[in-house]
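This report refers to the structure that appears directly beneath it.
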Amino acid sequence: MEFDFSPKCKEMQQKLLAFMDEHVYPNEHRYHEEVEANRRAGNAWVPTKVIEELKPKAREAGLWNLFLPKSERVPEGLSNLDYATLCEIMGRISWAPEIFNCSAPDTGNMETLERYASESIKRAWLDPLLRGEIRSAFAMTEPAVASSDATNIEASITRDGGEYVINGRKWWTSGAGDPRCKIYIFMGKTNPDAGRHEQQSMIVVPADTPGITVIRPLSVFGYDDAPHGHCEVLFENVRVPVDNILLGEGRGFEIAQGRLGPGRIHHCMRSIGAAERALELMCKRLSSRVAFGKAISQHNVWHERIAESRIMIEQARLLTLKAAYMMDTVGNKVAKAEIAMIKVVAPNVSTRIIDWAIQAHGGGGVCDDFPLASMYAHQRTLRLADGPDEVHRNAVAKLELARHMAIPGAADKVQMPVTRGS
C-alpha cells in the first residue's frame, strides 16, 4: 500500500505551509477581533475582510479548489490521498479552509453538484461556488426526530405539476447563517411508501425562494460560529422547479453516501491538524511555565501525555491516509469500514489532545486568549456531525461480523451510515 504523495502534492504542501506562515497565522487575532467588532456593532454575520483579502492571494498561489478530484471543471483538484495532507495543514486553524475555497459545507455541496446535478444546475450554482462568489448550505438534520437514522427524516418533497413543494423544519443547517448563502441542498421524502432507502430525495433550493425562514443560529458550547454558522431553518410550501431534483426521486440515500464519504475524510484530516496544533501549543506552554521549582514539562505526568498525544496522532493519520488511498483506488463503497473507523477515531483523538492542552494552559486554556476552547467546541461537535460515534461503530461491527459469516457477500450488503447528527 503506497502512501507516498505525488510530486504535485509535495510542491503544494510547501506552498501551503509557506502561505499559512506568511498570511494565516499572523492574522489569527485579527480574524477574531473582526468578528467580535462586527458582533458589537450588531451583526456578527458580516463576512470578514481578512478572509476576503486573502482569497485572491490563495488563487494567485494556485491554492484554490484543491478538493475535487476527476472534474473537468477543476483540473487542479487532487486525489483524496493528496488532498488529505493539505487538508490537515488547513485544519490547524478552523477558518483557514475558506481562504482556499475548501470549507464545509461548500466542498460537499460542490462535489454533490458535480457528481449528480444537471448541466444547467451546474452552470447556475456550481460554477459560482467554484469561483468563490457565493456560499451554500446543507439541510438534512431535523429537530423532531433522531437524525442519526436518516430514514426518520420527516420533511416532505411533494410533486405538484411542474414544481416540487417542500415542507419541513431543519436544524444544524451548515452555512445558513452566512449572508452569502445562495443555495440549499435539501433532503426530504418524496415517497413515504417506498422502500426504506428509496423514500428520500435531494433537491436544490435557491436561498431566496419564498417560504424559507432562518429561525435562529445555533451555538456550540457558547460559540455561534459566526459569520458562517449553523441554523434552524423552516421550509413552508417552498416551490422549486422539478428540474432541481438531483438524479431523480428516491436517490437521496445514494447521493448522501457519495457526498458524506469524502466529507468525513476532510473532517478527519482537519481534526488531525487541530490535534497537531494543540500538541504544539501544549509543549510550548509546558516549557515556558514553572511550577514547584521546575518547568512543568519536566513533570512526568506531562511526559506521558505528550508521548500519548504523538502516538495517537500518528495512528489516526495512518488510518485516514489508508481510507483516502482506498477511496482513490477501490472506491468509497469498498473503503466504507475505513471511513467509518476514522470518523470515530479522529475527533476522539483531537478532543483528548485539546483537553490535555487546555489542562496545560490552566485558566488560560478555557478563555479566548488562546484558541483551545474554541477548538475543543468545534472538534467535540464532530463526534456527532456526519454521524455520531455510535452509528459508525455499529457499521464497523456489522462489517466485521459479516466478514466471518458463511454467507458470501454479506459485508457488501452493510449500508454505509447516512447521517449528520442527532
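Readers should treat all values here as calculations from the given coordinates under stated rules, not as data from a laboratory. Only a predicted model underlies this, so the values are computations on that prediction, with no experimental measurement involved. FYI the Cβ positions are ideal-geometry reconstructions off the backbone, even for glycines, and counts take in every protein chain you see.
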_Residue among F186, F67, F19 with the largest mean-square fluctuation in a Gaussian network model of the chain, springs linking Cα atoms under 10 Å_ = F19
_lysines whose Cα lies under 17 Å from that of K55, excluding same-chain neighbours fewer than 8 positions away_ = K15
*Jot down the radius of gyration and Dmax of the range 186-310, Cα atoms only, both in angstrom.*
23.7, 72
*Working from the alpha-carbon coordinates of the chain, get Rg over Rh, Rh being the Kirkwood radius.*
0.97
_To check you understand DSSP bridge types, tell me what percent of the beta bridges within the range 56-207 (both residues inside) are antiparallel, rounded to 5._
70 percent
*Pairs of Cα atoms under 8 Å, at least six residues apart: use those to get the relative contact order of the chain, whole percent.*
15 percent
*So, by mean Cβ neighbours within 10 angstrom, what's the order for 187-199, 33-45, 309-321, 89-101 with the highest one leading?*
89-101, 309-321, 187-199, 33-45
*Please give the per residue volume of the convex hull enclosing the alpha carbon atoms of the range 250-328, rounded to a whole number of Å³.*
91 Å³
*Separation of the range 244-301 and the range 132-161 by C-alpha centroid, Å?*
26 Å
_For the range 245-258, Karplus couplings with θ = phi - 60° (6.51, -1.76, 1.60), whole Hz, Gly/Pro x_ = 5, 9, 6, x, 5, x, 9, x, 5, 4, 5, 4, 5, x
_Checking the table K170/K322; K49/K322; K57/K122; K182/K322; K49/K333; K10/K398 against a 31 Å threshold on Cα-Cα, which pairs fail?_
K170/K322; K49/K322; K182/K322; K49/K333; K10/K398
_On a full-extension model of 0.36 nm per residue, what is the gain between A194 and H303, subtracting their alpha-carbon distance, rounded to one decimal in nm?_
33.5 nm
*Going highest first, how would you order 285-294, 68-77, 174-183 by mean Cβ packing within 10 Å?*
174-183, 68-77, 285-294
*Radius 9 Å from Cβ of P347, net charge of other residues (Lys, Arg +1; Asp, Glu -1)*: +2
*asked:* Averaging the inverse of every distinct alpha carbon separation and then flipping it gives the Kirkwood radius. What is it for the range 60-147, in angstrom units?
replied: 13.9 Å
_Need one number: nm distance between label points at A397 and T329, each 7 Å from Cα along Cα→Cβ, rounded to one decimal._
3.0 nm
*Note down the relative contact order for the range 242-398 as a percent, whole number, built from C-alpha pairs under 8 angstrom at least six residues apart.*
28 percent
*Using a Förster distance of 25 angstrom, determine the FRET efficiency expected from the C-beta separation of E11 and E60, and round it to 0.05.*
0.95
*Order of 298-305, 257-264, 238-245 by packing, highest average Cβ count within 10 Å first?*
257-264, 238-245, 298-305
*Sum up the charges of everything whose Cβ sits under 13 Å from the Cβ of I265, counting Lys and Arg as +1 and Asp and Glu as -1, but leave I265 out.*
+1
_Just to check I understand the Karplus step: with θ = phi - 60° and J = 6.51 cos²θ - 1.76 cosθ + 1.60, what whole-Hz values come out for the range 134-150, glycine and proline as x?_
9, 10, 9, 9, 10, 10, 10, 5, 10, x, 7, 9, 6, 7, 5, 10, 5
